[in-house]
1. All but one of (1) within 13 Å of ligand 2 (Cβ to nearest atom); (2) open to solvent by 40 Å² or more (accessible area, probe 1.4 Å); (3) out of contact with any Leu (no Cβ under 8 Å at 6 or more places or on another chain) hold for Leu60; state the number of the condition that does not hold.
2. Can you work out which of the residues in region 1-33 that are of a type in the set (A, V, I, L, M) and open to solvent by 40 Å² or more (accessible area, probe 1.4 Å) is farthest from Lys91 (Cα to Cα)?
3. Condition first: more than 14 Å from Phe126 (Cβ to Cβ) and of a type in the set (Asp, Glu). Now tell me which residues in region 57-100 satisfy that.
4. I'd like the full set of residues that are open to solvent by less than 30 Å² (accessible area, probe 1.4 Å) and more than 16 Å from ligand 1 (Cβ to nearest atom), limited to region 158-187.
5. If you check every pair at least six apart or on different chains, which have Cβ atoms under 6 Å apart with a residue in region 22-34 that is assigned to a strand (DSSP E or B) and more than 12 Å from ligand 1 (Cβ to nearest atom) first and a residue that is aromatic (Phe, Trp, Tyr) and at pLDDT 95 or above second?
6. Does any residue in region 51-64 that is within 8 Å of Asp75 (Cα to Cα) and part of a loop (DSSP other than H, G, I, E, B) come within less than 8 Å, Cβ to Cβ, of a residue that is among the basic types (Lys, Arg) and within 6 Å of ligand 1 (Cβ to nearest atom) six or more places away or on a different chain, and which pairs are these?
Amino acid sequence: MTIQTAEFVISNANVEKCPAHDRPEYAFIGRSNVGKSSLINRLTARKNLAKTSATPGKTLLINHFMVNKDWYLVDLPGYGYAKRSKVEQEKLRRMIETYLDKRQELTCLFVLIDSRIPPQDIDLDFIRRAGNKGIPLAIVFTKADGVKKSQLPQNISRFLRALKEDWDELPPHFITSSAKGSGTDKLLDYIEQINNSLG
Ligand code: GTP
Ligand code: MG
């Protein structure tokens with residue numbers, strides 16, 4: 001799929017205020033600093049569409065972007081950043097949870113996983129809970145440029161094996177690097193395929 005246009009639409013703390021629409025909506029979630037905002041920039045080939053930062057906790061709102069004047073990407077705040085105050089952590093946790101519970105427009109949730117490290121319980125728990133809510137999801141491994149070529153497949157299969165303990169059928173997965181731009185074509189193809197199936 002070619003990206004012709006990608007525009008920021010709106011940021012919201014309140015899910016109820018997010019734009020109502022009847023187009024496909026794809027949201028990006030994952031631990032703080034896993035590379036959600038960077039991936040959105042890479043997918044849309046817009047360097048500064050979503051705000052990124054080397055320090056965790058950059059994205060604090062629900063950010064809607066419109067692509068090709070036809071469908072939406074959503075950049076969500078990350079989970080699991082322990083250095084926040086308890087109040088702030090709870091606020092973000094609730095924002096994410098409410099988005100997942102209430103957002104009828106959500107077509108597919110992309111859960112981002114750092115490909116450089118062993119499976120983390122916080123990610124496995126998150127995926128389990130989202131799965132139990134019946135949300136269609138796909139796994140996106142990030143930062144594939146940051147791990148040895150020989151180690152990458154091992155990390156991926158370890159994570160998928162851990163997931164298999166909860167799932168009869170594994171969700172689709174993608175391996176990406178926003179730094180190198182790898183894997184993003186496949187992700188866009190997947191989005192296009194869903195868009196086409198929805199008409
Ligand atoms: P929060 O908004 O804080 O939850 O973080 P985020 O998940 O949106 O992460 P963000 O895109 O801001 O990236 C966090 C850091 O990871 C930045 O320093 C990015 O440059 C870096 N990063 C993102 N993607 C990649 C990648 O593919 N490879 C490498 N090496 N670094 C990356
Ligand atoms: Mg972010």
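1. Every listed condition holds for Leu60 apart from (3).
2. First, pick out the residues of region 1-33 that are of a type in the set (A, V, I, L, M): 1, 3, 6, 9-10, 13, 15, 20, 27, 29.
Filter once more, keeping what is open to solvent by 40 Å² or more (accessible area, probe 1.4 Å): 1, 9-10, 13, 20.
Values: Met1: 36, Val9: 23, Ile10: 19, Ala13: 9, Ala20: 23 Å.
My answer is Met1.
3. Correct list: Asp70, Asp75, Glu88, Glu90.
4. Applying the first criterion (open to solvent by less than 30 Å² (accessible area, probe 1.4 Å)) to region 158-187 yields 159-160, 162-163, 171, 174, 176-177, 181, 183-184, 187.
Of everything in region 158-187, those that are open to solvent by less than 30 Å² (accessible area, probe 1.4 Å) and more than 16 Å from ligand 1 (Cβ to nearest atom) turn out to be Phe159, Leu160, Ala162, Leu163, Pro171.
5. Glu25/Tyr72
6. Thr59/Lys36
Residues are listed down the side, and each one gets a yes or a no for (1) surrounded by 17 or more Cβ atoms within 10 Å (Cβ to Cβ); (2) closer than 20 Å to Ala13 by Cα:
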{"position": "Ile40", "(1), (2)": "yes, yes"}
{"position": "Gly80", "(1), (2)": "yes, yes"}
{"position": "Gln89", "(1), (2)": "no, yes"}
{"position": "Arg103", "(1), (2)": "yes, yes"}
{"position": "Ile117", "(1), (2)": "no, no"}
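The values are calculated or read from the model by the stated rules, or taken from the named source; none is laboratory data. For clarity, every value in this text was computed on a predicted model and none was experimentally measured. Cβ atoms come from the backbone with ideal geometry, glycine included; neighbour counts cover every protein chain shown. Keep in mind that these areas ignore ligands, DNA and RNA; they rest on the heavy atoms of the full protein, side chains included. Shrake-Rupley method; radii C 1.70, N 1.55, O 1.52, S 1.80 Å.
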